[in-house]
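None of the figures in this text is laboratory data; all of them are computed from the coordinates on show. Because the structure is a prediction, the values reported are computed rather than measured. When we count neighbours, we look across all protein chains shown, and the Cβ atoms used for this are built from the backbone with ideal geometry, even at glycine.
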Number of protein chains: 2
Amino acid sequence: MQIKDVGEFGLIDRLRKIVKSESKNLFLGIGDDAAVVGSAKRKYTLVTTDSFVEQVHFNRAWATWNDIGYKAMMANVSDIAAMGGIPEWAVISLNLPDKTNVKDVEDLYRGIGLASTNNGVHIVGGNVSKASVTSLHITLLGSADKVIPRSGAKIGDVIAVTGTLGLAHAGLRIFQKKLTSSRNNLGRTKFLRPEARIKWINVLIRNKIKVNACIDLSDGLASDLGHVCKASGVGAVIDLSAIPVAVATQKVATMAHENVMDYVLFGGEDYELLLSMSKKEFIKAKIVLKQNIHAIGFATRDKTLKVFDGEFRTLTPKGYKHF
Amino acid sequence: MQIKDVGEFGLIDRLRKIVKSESKNLFLGIGDDAAVVGSAKRKYTLVTTDSFVEQVHFNRAWATWNDIGYKAMMANVSDIAAMGGIPEWAVISLNLPDKTNVKDVEDLYRGIGLASTNNGVHIVGGNVSKASVTSLHITLLGSADKVIPRSGAKIGDVIAVTGTLGLAHAGLRIFQKKLTSSRNNLGRTKFLRPEARIKWINVLIRNKIKVNACIDLSDGLASDLGHVCKASGVGAVIDLSAIPVAVATQKVATMAHENVMDYVLFGGEDYELLLSMSKKEFIKAKIVLKQNIHAIGFATRDKTLKVFDGEFRTLTPKGYKHF
């Protein structure tokens, strides 16, 4: 059954059932000219938006519709995490060719719904339009009592990251180079179904640990660190040997005859957090997050990005570029 | 100069300058992982989103980039008007082919910016992605103290509309059929640069006039009245002779050898408001809005849509359908 068989409003009725959720603060969900919600849980309202375009952001040969929906929502949740917030409400615009199968759109919404439920997000509205290429466009609202901007890094701060880096890029390379091995599941899972670090950033906030700046690693360490440094008016030195890398990531790089440091520095979509904080706050963060946070360098007065691997080298950002 | 020459972040820097705006309630605008705003001006937060896809929602042969941006923002503002709210913050996702001219995107943003400024909207964030087809996706936040839903129409209510109907469709037909006449400017302007009825709905609210249900006329009277009736569990009878039609609309229909009532009933994108209210409230509305509101029928117990033009006929919705 294709969506032209059920029509725009028939499709919306089906999708509404999949992501139906209730909240005492939700007054009017999908189906009116606008959604109506009450005041945000925390003082400041956060708004972020992202597009996911077929063949640019996702490839149907590698990902199920469910995967695509899950990752799209998670990328938005990750932006809220990077601000030190909690996600609350989302609206979704779908652009679909009229030959799209209803079942595929429902699967997409199941993925969106799962990532939403797991993170306390309610889908409150959206829009369906015809288009020649499939794309989805999510706007996520969240809130925070204290916002962590990109621009707050201070000279001498510890630069830290959550999780391990490069694993999502390893997953991408598995698909691109058709690598197979029993060890590859970690990379594939990280690439297809990343987890935003909402819980971890909120553990830091609950423990009153002061984070000066934060960004989520969507474009790649070099590029995203560059954004933080530029916004903060600082530079950074990163110790390559201190960057946490999973064994699975190294294995994929070896199989692909590639340098794992290229995965780590330039591979995007890990959706880990990069944080800048004083040494004292980092030590506290290390205690509450255990092995989930690692210091990888320092913010410097010299406004350049450098890496250290026995000697200092200038790091040129080359993350994913749209244009 | 094409956008690949300035890159994603170079383009964002240019667009930010065009829609730069300040508000004491805006804490962090374009350029971080999320925008940060303070509490809404009114009690309830409204969220609406819309997509505008080239060749589906707009045609570059008829509209300038400035027109396209203006209309896209206005369509969202119209949704906030239909809820009885005021618009406040917007985020915009742009999907652009990499051969797009920088100047064109800047013109698009000037149109978005003008419609925003005229309606008190601040552009606080967005996203730029590569795509094979140009599209823009706007999410607009607003607020309202008392929300007007689609679902509140009561049996016996007056069904009223603002402005005149069918003029945007007349504008569309001028372009489609290459009609020319000095009288055609009104239709072209209505089609290319519609005005959302934010001021009028807020005049009603300030004057404490109770509107039971409201929708904006984006799909066409028959279709949008159908949404209100379905959501409210009522039917409606519309007196065709009572529907306000501009002379310019009739002229275009005559030139095109078409029935102007098809424009009025099934033509979309007028962005006028359809309101349902008691007779008593309608009389008050007529006083404060003067000739800008017209009663065109009544809500009925019988759950069908009928028109009266000497005899009663069943009205079958056939507004714009995406699928």
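Using a label point 7 Å beyond Cα on the Cα-Cβ vector, give me the inter-copy distances for A:R206 in nanometres, one decimal, shortest first.
Label point to label point, same position, other copies: 4.8 nm.
Counting only helical runs of four or more DSSP H residues, what would the 222 nm mean residue ellipticity of chain A come to if each run contributes -39,500 (n - 2.57) and the total is spread over all its residues? Kindly include the intermediate steps, with their values, before the conclusion.
Numbers: 10 runs with 117 residues, N = 323.
Counting only the DSSP helices, I get -11000 deg cm²/dmol.
Relative to the first principal axis of the alpha-carbon coordinates of chain B, what is the inclination of helix B:279-289, with its axis defined by its Cα atoms, in degrees from 0 to 90 and to the nearest 10?
Its long axis makes an angle of about 50 degrees.
Please list the radius of gyration and Dmax for region A:247-298, considering alpha-carbon atoms only, with Å as the unit.
Rg and Dmax of region A:247-298, Cα atoms, are 14.0, 40 Å.
Show me, for region B:151-168, the HN-Hα J-couplings you get by feeding each phi into the Karplus relation (A = 6.51, B = -1.76, C = 1.60, θ = phi - 60°), rounded to Hz, glycine and proline as x.
With the stated coefficients, region B:151-168 comes to 8, x, 5, 10, 4, x, 4, 6, 9, 10, 10, 8, x, 10, 10, x, 5, 5 Hz.
Just for region A:181-323, what percent of DSSP beta bridges are antiparallel, to the closest 5?
Numbers: 11 of 15 bridges.
Counting only bridges with both partners in region A:181-323, antiparallel ones make up about 75 percent.
Within region B:23-65, list the residues whose amide N lies under 16 Å from a label point set 7 Å along Cα→Cβ of B:T180.
Of the residues in region B:23-65, B:62 have backbone N under 16 Å from the label point off B:T180.
Averaged over its residues, how many other protein chain Cβ atoms are within 10 Å of peptide B:226-238's Cβ atoms? Walk me through the numbers before you get to the answer.
On the way: counts 1, 4, 0, 0, 2, 2, 0, 0, 0, 0, 0, 0, 0.
Per residue, the number of nearby Cβ atoms from other chains is 1 on average.
DSSP loop (so not H, G, I, E, B), at most 15 other Cβ within 10 Å: list which chymotrypsin sites (Phe, Trp or Tyr not before Pro) in region B:55-145 pass both filters. Can you show the working numbers first?
Working: sites: B:F58, B:W62, B:W65, B:Y70, B:W89, B:Y109; in loops: B:W62.
Hits after loop and neighbour filter: nothing returned.
Taking the label point as lying 7 angstrom from Cα along the Cα-to-Cβ axis, what are the distances from A:R60 to the corresponding position in the remaining copies, in ascending order and in nanometres?
2.5
If amide hydrogens are placed 1.01 Å from N in the peptide plane, which non-local residues have theirs closer than 5 Å to the one on A:F27?
Here the answer is A:V36, A:V37, A:G38, since their amide H atoms fall under 5 Å of that of A:F27.
Helix B:65-82 sits at what angle to the longest principal axis of chain B, using alpha carbons and giving 0 to 90 degrees rounded to 10?
50
Obtain the radius of gyration and the Kirkwood radius of the protein assembly as shown from its C-alpha atoms and give Rg over Rh. Write out the running numbers ahead of the final one.
Numbers: Rg = 26.1 Å, Rh = 25.9 Å.
Rounded to two decimals, Rg/Rh equals 1.01.
Mean separation of Cα pairs under 8 Å and 6+ residues apart, divided by the residue count of region B:79-152: what relative contact order is that in percent? All intermediate terms of the calculation are to be shown ahead of the outcome.
Numbers: 107 pairs, mean separation 41.2, N = 74.
For region B:79-152, the relative contact order is 56 percent.
Need one number for region B:53-208: average projected area of the convex hull over its C-alpha atoms, nm².
Values: hull surface 45.3 nm².
Orientation-averaged projected area of the Cα hull: 11.3 nm².
Per residue of A:50-57, what is the mean number of Cβ atoms on other protein chains within 10 angstrom of that residue's Cβ?
Values: counts 6, 12, 2, 8, 2, 3, 5, 3.
That works out to 5 on average.
Step through the residues of region A:271-276 one at a time and calculate ³J(HN,Hα) from phi using the Karplus curve (6.51 cos²θ - 1.76 cosθ + 1.60, θ = phi - 60°), rounding each to whole Hz and writing x for Gly and Pro.
Rounded to whole hertz, the list is 6, 7, 9, 10, 10, 10.
I need the inter-copy label distances for A:D262: point set 7 Å along Cα to C-beta, values in nm with one decimal, smallest first.
6.1
Considering amide H positions built from the backbone, and no H for Pro or chain starts, which residues 5 or more places from A:L315, or on another chain, come under 5 Å of its amide H?
A:L305, A:K306, A:V307
Nothing charged except the Cβ atoms of Lys and Arg (+1) and of Asp and Glu (-1): what's the magnitude of the dipole of the protein assembly as shown about its Cα centre? Round to the nearest 20 debye. Could the numbers behind the result be given before it?
Numbers: 86 positive and 62 negative charges, 247 e Å.
Around 1180 debye, computed over the protein assembly as shown.
Taking R0 as 41 Å, what FRET efficiency do you get between A:K146 and A:I12 from their Cβ-Cβ distance, rounded to the nearest 0.05?
Values: r = 37 Å, r/R0 = 0.91.
The pair A:K146/A:I12 has a calculated efficiency of 0.65.
Report, as an integer, the average count of C-beta atoms from other chains found within 10 Å of each Cβ along A:140-150.
Working: counts 3, 8, 2, 2, 2, 0, 0, 5, 2, 7, 4.
Mean shielding by partner chains, rounded to a whole number: 3.
Roughly what angle does helix B:3-18 make with the longest principal axis of chain B, taking Cα atoms, 0 to 90 degrees, to the nearest 10?
Result, in degrees: 60.
Neighbour counts of other C-beta atoms within 10 Å: give me B:R197, A:R313, A:R193 arranged from fewest to most.
In order of increasing Cβ crowding within 10 Å: A:R313, A:R193, B:R197.
Could you give me the radius of gyration and the Dmax of region A:173-259, taking only the C-alpha atoms into account and expressing both in angstrom?
16.2, 45
Please compute the net charge surrounding A:L192, taking Lys and Arg as +1 and Asp and Glu as -1 over other residues with Cβ under 9 Å from its Cβ. Each step should come with its number before you reach the end.
Details: positive: A:K71, A:R188, A:K190, A:R193; negative: A:D67.
It works out to a net charge of +3.
In what order do B:H169, A:H122, B:H257 fall by count of nearby beta-carbon atoms within 10 Å, going from fewest to most? Present the calculation step by step, with values, prior to reporting the outcome.
Numbers: B:H169 28, A:H122 21, B:H257 7.
The order, fewest Cβ neighbours first, is B:H257, A:H122, B:H169.
I'm a student and want to see the number: the projected area of the Cα convex hull of region A:207-323, averaged over all directions, in nm².
Averaging across all directions leaves 8.2 nm² for the Cα convex hull.
Provide the FRET efficiency to the nearest 0.05 for the B:S132-A:E258 pair, computing r from the beta carbons and using R0 = 45 Å.
0.95
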